[in-house]
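The values are calculated or read from the model by the stated rules, or taken from the named source; none is laboratory data. The shown structure was predicted, so the numbers you read here are calculated from the model rather than taken from an experiment. Cβ placement follows ideal geometry from the backbone for every residue including glycine, while neighbour counts extend to all protein chains displayed.
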Amino acid sequence: MSNELAPWSVFEYEGFEIHVLPQDIGARHGYIGHVCRHGANAGLPGEAVHFHANSDDVFATADEAVDDARHVGRSIIDGTHPDLSILPLVSHHH
């Protein structure tokens, strides 16, 4: 087993970026991610919407985890996610 960290995957969608990092959970995989505007500093308050896989969401491969995270990021941007929204990002940038 490698201790090497997987790189962040970045996807552009509708003027935003979806950043995804797969996470090893034993033999399974999860993810963390965020949605932000291009060039934003995701570490600053109000610059990104952060999300992660729920404890029930585990995937057989890192690629499956990244695909699911990309779908979640798109739903946040599209306004169809039940809990998360990009409205704070839109209103934060005048």
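Where residues in the range 1-49 are touching a Cys at 6+ places or on another chain (Cβ under 7 Å) and among the aliphatic types (A, V, I, L, M), which of them is modelled with the lowest pLDDT?
Among them, the one singled out is 42.
Yes or no: residue 59 under 14 Å from residue 86 (Cβ atoms) and among the aromatic types (Phe, Trp, Tyr)?
It is false that residue 59 is under 14 Å from residue 86 (Cβ atoms) and among the aromatic types (Phe, Trp, Tyr).
Determine, yes or no, whether residue 39 is surrounded by 15 or more Cβ atoms within 10 Å (Cβ to Cβ) and closer than 24 Å to residue 7 by Cα.
no
Can you find a residue in the range 25-47 that is in a helix (DSSP H, G or I) and not basic (Lys, Arg)?
no
Take the residues in the range 43-94 that are of a type in the set (Gly, Ala, Ser) and over 11 Å from the mean Cα position of the chain (by Cα), then tell me which one is surrounded by the most Cβ atoms within 10 Å (Cβ to Cβ).
62
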